[in-house]
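Values quoted throughout were computed directly from the atomic coordinates according to the rules given, and no laboratory measurement underlies them. Bear in mind that the values here come from a model prediction, so they are computed numbers and not experimental data. Cβ placement follows ideal geometry from the backbone for every residue including glycine, while neighbour counts extend to all protein chains displayed.
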Amino acid sequence: MLRRFIESRKREFITYTVTAGLCVTAMGMNNPNTTSADSAHIYSYKEKADSASPRLPKGPVVIGSDLQLFVDDYITERLGGKAQLQLHHPVMKEIVIKHDAPWEGSGSNFHSIFKDGDIYRMYYSAWNLSFKEDGKITDGTHPFFLCYAESKDGIHWVKPNLGLHEYQGSKDNNIVMVSGKLGPVYPDLGHPAVFLDKNPDVTPDAKYKAIIRDYSAESGLKGLLAFKSPDGIHWTLMADHAVITDGAFDSQNLAFWDESRKEYRAYWRWMSPLRAIRTASSKDFIHWTNQADLTYVNSPVEQLYINVIKTYERAPQLLMGFPVRYTEHPWSPSMEALPELEHRKKRSQTETRFGTAISEALFMVSRDGVKFKRWNEAFLRPGIERKGTWNYGHQYMGWHVVQTKSDLEGAPDELSLYTVESYWTDNSSELRRYTLRLDGFVSVNAPMSGGEVVTRPVTFTGKNLLLNFSTSAAGEIKVELQDKHGKPIPGFTLNDCEPVFGDTIERPVYWKKGADVSKLKGKTIRVRFVMKDADLYAFRFK
């Protein structure tokens, strides 16, 4: 296990070194005046040949009553005035789990988190990373375990005593599965991914599924294994062989049911020769086809670790990912000023980068599962310097976001995101919760001087136009409905619109004759939003 750990990191380092020059050039670091591609100002999206969206239909975009987010350029025709797309950042909350049990440790990572009825479920790899007296890496006291926790609110978590596997003479633990030989295969629980299968045709014995690497020192790396479970606790193999075999797989490899496209999708670690992500699809979770490497629009060549891709439940046409960006710095006064210098230098005794590498989470989105819009600025920076941060393994996000209650009385639900701290330190690793408003990843933002956004031609179903927005007390949003040629529709002009102000997740737009827009249902229209000191996150007809 130790040899595998070190060799996998060496491969990463070689790849990083070979491509470093390319990365610098691609990022525009040779030009201090380079402007970020994410700071969108006034331009027409339809003029962009390298659009992040799949090929648009020749006619109007059929949006029905689906929620529309501004995370890419799919729905947007143009921005005007001083309107721009703005990436938002989660708010730090509390530590929700400490991996301090004897069978856990500082190497515990790769969390899968989802809502299942009235409870939230969490699965993770439990492992201990420590050091010998000479500073060399050791695997610690135990092999990889798959462990389980649950919560009633997504905030307060418990580790139930499952009584399944013995550790140090006792079965009082939350271990679900143990690495090792299982018939003809060797499940390696270092990078597990578990999910609730929402396929309407799923059988009761396969309500929960998991992707786990097939690896042992004796047999080598075989690929990814498919597991199933009726209850999320007791697991069996779905096939006695790896179902995906082409890949490096030394990261969290995952799969899930894609509701919008009616198929299973898998994403896993790939080397080509960069550290990259590959995907495939399947109808039965066993036979995988249509393999493709992910591509990115207007993003530099970078080292990406975990992908954390899944459908966004409020808008399942969107596939959202939170890959981790790996950055390596040389030793410098800034590096030595970062937290836990003594332990950082210990890690460097094996390889320098083990002490000088830093990781942070990015945000990306796709509509076809292959071509992604990746925001180049960090979605989740390492944050204020404190113990357990600014290190290699920090900000590895749990898979995936979940909807939880707000701790503000009377406030609407919010999104909870979970990230790793204190990974590979003298402490047990921990999982910290962050929050974000529903749909609050990206907004169309306009200052007080004003701005606007106009959609492509669309058709809709529904009676009201609902907005997820935020304004200042003096700010506002006004909405105009236009025909397919851009001509204001009588009764729905800008002058007819009542100003919308406040800060809420779902509010109807009113015109002088009311909020009912159903007479335009099925007709081709454009929607124009004129804003000042406001953020517009999403809209839908309902």
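Grab the Cα-Cα distance for Leu494 and Lys115, subtract it from 0.36 nm times how many residues apart they are, and report the gain in nm with one decimal. Each step should come with its number before you reach the end.
Details: separation 379, 0.36 × 379 = 136.44 nm, distance 4.14 nm.
Taking Leu494 through Lys115 to full extension adds about 132.3 nm, to one decimal.
Express the relative contact order of the stretch 181-270 as a whole percentage, based on alpha carbon pairs under 8 Å and six or more residues apart in sequence. Could you put the intermediate results ahead of the total?
Working: 192 pairs, mean separation 23.8, N = 90.
About 26 percent, as a whole number.
Ranked highest first by the average count of other Cβ atoms within 10 Å around their residues, in what order do 239-250, 69-80 fall? Please report the intermediate quantities before stating the final value.
On the way: 239-250: 18.3, 69-80: 21.5.
Going from most to least packed, we get 69-80, 239-250.
For the stretch 487-524, state which trypsin sites (Lys or Arg not before Pro) are in a DSSP loop and have at most 12 other beta carbons lying within 10 Å of their beta carbon.
Answer in residue order: Lys512, Lys513.
If you count, for each residue, the other Cβ atoms within 10 Å and average over each peptide, how do 470-481, 401-412 line up from highest to lowest?
The peptides rank, most packed first, as 470-481, 401-412.
For a quick check: sort Val158, Val454 by the number of other beta carbons within 10 angstrom, fewest at the front. The partial results should precede the final answer.
Working: Val158 11, Val454 20.
Ordered from fewest to most neighbouring Cβ atoms within 10 Å, Val158, Val454 come out as Val158, Val454.
Evaluate the relative contact order of the chain (contact order divided by residue number), counting alpha-carbon pairs under 8 angstrom at least 6 apart; express in whole percent. Write out the running numbers ahead of the final one.
On the way: 1382 pairs, mean separation 91.4, N = 542.
With pairs under 8 Å counted, the relative contact order is 17 percent.
Taking only C-alpha pairs under 8 Å that are 6+ residues apart, what is the relative contact order of the stretch 288-406 in percent? Mind dumping the intermediate values first?
Working: 210 pairs, mean separation 34.6, N = 119.
Relative contact order, the stretch 288-406: 29 percent.
Please give the peptides 297-303, 421-427 ranked by average Cβ packing (other Cβ atoms within 10 Å per residue), highest first, as a rough proxy for protection. Kindly include the intermediate steps, with their values, before the conclusion.
Numbers: 297-303: 18.1, 421-427: 21.9.
Peptide ranking by packing, descending: 421-427, 297-303.
In sequence order, what are the phi-derived ³J(HN,Hα) couplings for the stretch 430-440 according to the Karplus relation 6.51 cos²θ - 1.76 cosθ + 1.60 with θ = phi - 60°, rounded to whole Hz, with x for glycine and proline?
Along the stretch 430-440, the couplings run 10, 10, 9, 8, 10, 10, 8, 4, 3, 6, x Hz.
What is the gain in length, in nm to one decimal, between Lys523 and Lys181 on full extension, counting 0.36 nm per residue of separation less the C-alpha to C-alpha distance?
Values: separation 342, 0.36 × 342 = 123.12 nm, distance 6.05 nm.
Extending this stretch completely gives an extra 117.1 nm.
Grab the Cα-Cα distance for Glu385 and Lys98, subtract it from 0.36 nm times how many residues apart they are, and report the gain in nm with one decimal.
Working: separation 287, 0.36 × 287 = 103.32 nm, distance 1.93 nm.
Stretched fully, the Glu385-Lys98 segment lengthens by 101.4 nm.
Which FRET efficiency value, to the nearest 0.05, is calculated for Asp231 and Asn161 with the Förster distance at 25 angstrom and r the Cβ-Cβ distance? Don't skip to the end; give the middle numbers.
Values: r = 16 Å, r/R0 = 0.63.
Computed FRET efficiency for Asp231 and Asn161: 0.95.
Starting at the first residue of the stretch 153-166, write each ³J(HN,Hα) from the Karplus equation 6.51 cos²θ - 1.76 cosθ + 1.60 with θ = phi - 60°, in whole Hz, x for Gly and Pro.
With coefficients 6.51, -1.76 and 1.60, one gets 9, x, 10, 9, 10, 10, 9, x, 7, 8, x, 9, 10, 7 Hz.
Using only Cα atoms, locate the centre of the stretch 251-300 and the centre of the stretch 460-509, then give the distance between them in Å, rounded to an integer.
Distance between centres, Cα-based: 38 Å.
Just how many % of Cα pairs in the chain lie over 31 Å apart, if you round to the nearest whole percent?
49
Nearest 500 deg cm²/dmol is fine: what mean residue ellipticity at 222 nm does the chain get from its DSSP H runs of n ≥ 4 alone, each adding -39,500 (n - 2.57), divided by its residue count? Can you show the working numbers first?
Details: 4 runs with 42 residues, N = 542.
About -2500 deg cm²/dmol.
For Lys484 paired with Ser334, estimate the spin-label separation in nm (one decimal), with each label point 7 Å from Cα along the Cα-to-Cβ line.
5.3
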